[in-house]
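Read the structure below first, then the notes.
Throughout, read-outs are computed from the coordinates displayed, never taken from laboratory work. Quantities reported herein were computed from a predicted structural model and do not represent experimental measurements. We place every Cβ from the backbone using ideal geometry, glycine too, and count neighbours over all the protein chains shown.
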Protein chains: 2
Amino acid sequence: MENSNTDEYFMKKALQEAEVAFEKGEIPVGAIIVVENRIIARSHNLTEMLNDVTAHAEMQSITAAANFLGGKYLKNCTLYVTLEPCQMCAGALYWSQISRIVFGARDEQRGYMALGTKLHPKTVVEYGVLEAEASSLMKRFFLEKRK
Amino acid sequence: MENSNTDEYFMKKALQEAEVAFEKGEIPVGAIIVVENRIIARSHNLTEMLNDVTAHAEMQSITAAANFLGGKYLKNCTLYVTLEPCQMCAGALYWSQISRIVFGARDEQRGYMALGTKLHPKTVVEYGVLEAEASSLMKRFFLEKRK
């Protein structure tokens with residue numbers, strides 16, 4: 001297990017991805033996947049640019065990490081994502097058997113926790129890491145959208 | 001709404017995709033997406049070949065249909081899939097706001113119904129179309145795997 005300083009370090013990298021999404025007019029969510037303190041995937045939400053509801057940051061990072069590892073199971077991997085995963089992404093994480101998920105802000109309406117999506121029993125979850133930063137980026141995005 | 005003959009016609013096309021998956025050594029699930037009686041996407045499970053847990057038949061068809069339509073919402077579209085969608089695929093279908101889902105066989109263990117994944121309120125679901133054929137293909141696959 002990484003210590004909380006390391007979690008903040010990696011979550012900052014995920015937040016940088018979320019900022020790139022923001023600049024592209026995408027709902028600002030960023031994700032990275034780490035194995036043995038090494039970043040093996042980084043991505044941000046691209047649903048608008050790709051016209052594809054499946055192009056969430058997590059989905060892209062799962063595919064990229066599996067490609068890097070040469071296998072579909074994300075053993076010993078940690079996903080850092082700025083926002084709580086949705087049903088789709090949690091469902092994909094279930095199949096991946098990922099070891100650990102760290103997310104920033106809760107998504108009370110569409111997050112997997114409220115909706116009861118089942119993760120793999122091997123998966124450990126932590127949240128709240130840089131939560132304020134992730135929430136503030138989301139709020140800024142929706143405020144600008146309304147203008 | 002299409003009549004049941006039409007549903008069987010399109011489900012046969014999905015089953016043909018499942019058979020292609022079978023021949024490739026993939027868990028045999030096939031999917032197609034139809035709009036106004038026209039097939040705009042066809043796909044089969046490719047998780048083994050692509051080493052990617054996200055490469056379910058439904059996910060590929062959602063991406064392909066959105067690409068064909070030039071928009072990410074699958075309005076007036078029907079997905080035909082041989083097996084009940086999982087949490088991930090049901091989560092993606094939620095985001096797509098697809099009009100109708102028709103599936104063949106139930107998946108009592110990992111299907112979205114047992115696991116309580118939420119679909120979009122606009123989505124109508126029917127199942128049991130060519131169920132015996134879809135089940136028999138799955139059973140044959142797992143029997144051969146055990147040999």
query: Which residues, taken from region A:91-110, are buried (at least 24 other Cβ atoms within 10 Å of the Cβ) and over 10 Å from the mean Cα position of the chain (by Cα)?
result: A:GLY91, A:ALA92, A:LEU93, A:SER96, A:ILE98, A:ALA105
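So that you can scan it fast, the table gives a plain yes or no per residue for (1) within 13 Å of another protein chain (Cβ to nearest Cβ); (2) of a type in the set (A, V, I, L, M, F, W, C); (3) surrounded by 21 or more Cβ atoms within 10 Å (Cβ to Cβ); (4) in contact (Cβ under 8 Å) with a residue 12 or more places away in the chain:
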position: A:GLU23; (1), (2), (3), (4): no, no, no, no
position: A:ASN37; (1), (2), (3), (4): no, no, no, yes
position: A:ILE40; (1), (2), (3), (4): no, yes, no, yes
position: A:ILE62; (1), (2), (3), (4): yes, yes, yes, yes
message: Anything in region B:45-86 that is of a type in the set (Ser, Thr, Tyr), farther than 16 Å from B:ARG106 by Cα and not in a loop (DSSP other than H, G, I, E, B)? List them, or say none.
response: B:THR47, B:SER61, B:THR63, B:THR78
query: For region A:48-60, which residues satisfy the criterion of being surrounded by 24 or more Cβ atoms within 10 Å (Cβ to Cβ) and either away from chain B (no Cβ under 14 Å) or touching a strand residue (DSSP E or B) at 6+ places or on another chain (Cβ under 6 Å) (or both)?
result: A:ALA57, A:GLU58
task: Search region A:65-101 for residues being within 13 Å of chain B (Cβ to nearest Cβ) and of a type in the set (S, T, N, Q), and hand back the single one that is nearest to B:VAL53 (Cα to Cα).
output: A:SER96
task: Could you identify the single residue in B:GLU58, B:GLU48, B:GLU17 that is closer than 30 Å to A:LYS75 by Cβ, within 13 Å of the chain's Cα centre (by Cα) and acidic (Asp, Glu)?
output: B:GLU58
- prompt: If A:ASN45 passes every condition in (1) at the interface with chain B (Cβ under 10 Å from one of its Cβ atoms); (2) of a type in the set (S, T, N, Q); (3) more than 27 Å from B:ALA114 (Cα to Cα) but one, which one does it miss?
  reply: (1)
message: Filter region B:100-122 down to the residues that are more than 15 Å from B:ALA31 (Cβ to Cβ) and not hydrophobic (A, V, I, L, M, F, W, C) and list them by number.
response: B:ARG106, B:GLU108, B:GLN109, B:ARG110, B:GLY116, B:THR117, B:LYS118, B:HIS120, B:PRO121, B:LYS122
